[in-house]
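Notes for the one structure printed next.
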Amino acid sequence: MTARVALVTGGTRGIGRAISIALKSAGHKVVANYFGNDDAAKAFTAETGIAHAKFDVGNFDACQKAVAQIVKDLGPIEILVNNAGITRDGTLHKMDQEQWQAVIDTNLGSCFNTCRAVIDGMRAKNFGRIVNVGSVNGQMGQYGQVNYAAAKSGIHGFTKALAQEGAGKGITVNAIAPGYVDTDMVRAVPAPVLEKIIARIPVGRLGHAEDIARGVLFLVADDADFITGSTLSINGGQHMY
């Protein structure tokens, strides 16, 4: 395995935290992006030794600036994991424009912003691994999540199109569609609702963040060069197609 520079968005907590740790354990130089929680980011770095970088992935200029600094400090980014995501749930007839736009910008717009910032460097090196984290709800929809489902569904289409563009330059672009994973976001769901969700998962449990991280390691490996434009569903059998 070649040690490479990796950027993980939303990389200090939840699924992103597990991905960052897994990539470091595999020998890569990892930078974990975050935007909201300074204390959690500092604690994450103190515990893991993984550098953190604060910038808004929904802001194009901020991504350009941050990536340029990472490249200056560590070298070209060869692995990018777009994991950052937020929810602003509500039924459409009660959803305001801010709830819609915030989710679209952070969950989907960030994929454009970060990929645009790293793609030239990957093309120059004839190597790149991009993994975009979608969602089971981007595949099957979810009541009260038209914004989230639209953004995550968009990620899957974005992935397939960019995969075609990168294939001739040694750049693979794949997506992972997690099911319900035992993170802070899912723990915030009311207990009766969560019980119903788990009852619909054939393996009988929520996913663990490490389940998703193992999928990322598989897709970013040097010898995963024949896998591109794919969506790896890691959902315990909740949705199959």
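The values are calculated or read from the model by the stated rules, or taken from the named source; none is laboratory data. Please read these numbers as outputs of a predicted model, since none were measured by experiment. Glycine also receives a Cβ, built like all others from the backbone with ideal geometry; neighbour counts cover every protein chain displayed.
Applying the selection to segment 6-21, what residues are buried (at least 24 other Cβ atoms within 10 Å of the Cβ) and part of a loop (DSSP other than H, G, I, E, B)? If you could, list the steps in order and put the result at the bottom.
Looking only at segment 6-21, we keep the residues that are buried (at least 24 other Cβ atoms within 10 Å of the Cβ), and these are 6-12, 15-17, 19-20.
Listed by number, the residues that qualify are THR9, GLY10, GLY11, THR12.
What do you reckon, is GLY166 out of contact with any Lys or Arg (no Cβ under 6 Å at 6 or more places or on another chain) and within 22 Å of LEU219 (Cβ to Cβ)?
On the way: out of contact with any Lys or Arg (no Cβ under 6 Å at 6 or more places or on another chain): yes; within 22 Å of LEU219 (Cβ to Cβ): yes.
Against the criterion (out of contact with any Lys or Arg (no Cβ under 6 Å at 6 or more places or on another chain) and within 22 Å of LEU219 (Cβ to Cβ)), GLY166 qualifies.
Look at segment 79-98 and say how many of its residues are of a type in the set (Gly, Ala, Ser) and modelled with pLDDT under 95. Write out each step before concluding.
The first filter runs over segment 79-98 and keeps only residues of a type in the set (Gly, Ala, Ser), leaving 84-85, 90.
Those left that are additionally modelled with pLDDT under 95: 85, 90.
Selection size over segment 79-98: 2.
Go through segment 57-113 residue by residue and tally those that are over 23 Å from LEU232 (Cβ atoms) and of a type in the set (Val, Ile, Thr).
Qualifying residue count, segment 57-113: 5.
Please find, among VAL193, VAL181, VAL220, VAL216, the residue that is hydrophobic (A, V, I, L, M, F, W, C) and more than 15 Å from the chain's Cα centre (by Cα). Can you show your working first?
On the way: VAL181 fails: more than 15 Å from the chain's Cα centre (by Cα); VAL220 fails: more than 15 Å from the chain's Cα centre (by Cα); VAL216 fails: more than 15 Å from the chain's Cα centre (by Cα).
It is VAL193.
Which numbered condition trips up THR2, out of (1) buried (at least 16 other Cβ atoms within 10 Å of the Cβ); (2) hydroxyl-bearing (Ser, Thr, Tyr); (3) within 19 Å of MET122 (Cβ to Cβ)?
(1)
If you go through segment 108-144, how many residues are at pLDDT below 95 and touching a helix residue (DSSP H, G or I) at 6+ places or on another chain (Cβ under 6 Å)? Walk me through it before giving the result.
Of the residues in segment 108-144, the ones at pLDDT below 95 are 134-144.
Remaining after also requiring touching a helix residue (DSSP H, G or I) at 6+ places or on another chain (Cβ under 6 Å): 134-135, 137-138, 141-142.
Looking only at that region, the number is 6.
Condition check: in contact (Cβ under 8 Å) with a residue 40 or more places away in the chain, within 22 Å of THR159 (Cβ to Cβ) and touching a helix residue (DSSP H, G or I) at 6+ places or on another chain (Cβ under 7 Å). Does PHE60 satisfy that?
So PHE60 passes the test.
Here are some conditions: (1) charged (D, E, K, R); (2) surrounded by 13 or more Cβ atoms within 10 Å (Cβ to Cβ); (3) part of a loop (DSSP other than H, G, I, E, B). ASP222 meets all but one. Which one does it not meet?
Going through the list (1) charged (D, E, K, R); (2) surrounded by 13 or more Cβ atoms within 10 Å (Cβ to Cβ); (3) part of a loop (DSSP other than H, G, I, E, B), ASP222 breaks only (2).
Restricting to segment 167-185, give me the number of residues that are part of a helix (DSSP H, G or I) and either basic (Lys, Arg) or buried (at least 21 other Cβ atoms within 10 Å of the Cβ) (or both).
Filtering segment 167-185 down to residues part of a helix (DSSP H, G or I) leaves 167-169, 184-185.
Then drop every residue that is not either basic (Lys, Arg) or buried (at least 21 other Cβ atoms within 10 Å of the Cβ) (or both), which leaves 169.
Residues meeting the conditions: 1.
Among what's in segment 22-44 and is in a helix (DSSP H, G or I), without any contact (Cβ under 8 Å) to a residue 12 or more places away in the chain and not charged (D, E, K, R), pick the residue that is nearest to THR87 (Cα to Cα). First the steps, then the outcome.
Filtering segment 22-44 for residues in a helix (DSSP H, G or I) gives 22-25, 38-44.
Filter again for without any contact (Cβ under 8 Å) to a residue 12 or more places away in the chain, leaving 25, 39, 42-43.
Then drop every residue that is not not charged (D, E, K, R), which leaves 25, 43.
Details: SER25: 30, ALA43: 24 Å.
Ranking the candidates gives ALA43 first.
For GLU78, which of the numbered conditions (1) surrounded by fewer than 24 Cβ atoms within 10 Å (Cβ to Cβ); (2) touching a residue at least 60 places away in the same chain (Cβ under 8 Å); (3) not β-branched (Val, Ile, Thr) fails to hold?
With (1) surrounded by fewer than 24 Cβ atoms within 10 Å (Cβ to Cβ); (2) touching a residue at least 60 places away in the same chain (Cβ under 8 Å); (3) not β-branched (Val, Ile, Thr) applied to GLU78, the lone miss is (1).
When you go through (1) modelled with pLDDT of 95 or more; (2) under 27 Å from THR114 (Cβ atoms); (3) surrounded by fewer than 20 Cβ atoms within 10 Å (Cβ to Cβ); (4) of a type outside the set (Val, Ile, Thr) one by one for ALA188, which number turns out not to apply?
(1) is the only condition that ALA188 fails.
Restricting the search to segment 22-44, which residues are among the polar types (S, T, N, Q) and surrounded by 14 or more Cβ atoms within 10 Å (Cβ to Cβ)? Outline the logic, then answer.
Step one: filter segment 22-44 for residues among the polar types (S, T, N, Q), giving 25, 33, 37.
If the condition is that a residue be among the polar types (S, T, N, Q) and surrounded by 14 or more Cβ atoms within 10 Å (Cβ to Cβ), then ASN33 is the only one that fits.
For segment 202-218, give me each residue that is surrounded by 14 or more Cβ atoms within 10 Å (Cβ to Cβ), of a type in the set (A, V, I, L, M) and not in a helix (DSSP H, G or I).
LEU206
Closer than 30 Å to ILE70 by Cα, surrounded by 18 or more Cβ atoms within 10 Å (Cβ to Cβ) and among the basic types (Lys, Arg): does that describe LYS152?
Details: closer than 30 Å to ILE70 by Cα: yes; surrounded by 18 or more Cβ atoms within 10 Å (Cβ to Cβ): yes; among the basic types (Lys, Arg): yes.
Here the answer is yes, as LYS152 does meet what is asked.
Pairs, please: C-beta under 7 Å, at least 6 apart or cross-chain, first residue modelled with pLDDT under 95 and in segment 217-241, second surrounded by fewer than 17 Cβ atoms within 10 Å (Cβ to Cβ) and among the hydrophobic types (A, V, I, L, M, F, W, C)?
GLY236/VAL203; GLY237/VAL203; HIS239/MET140
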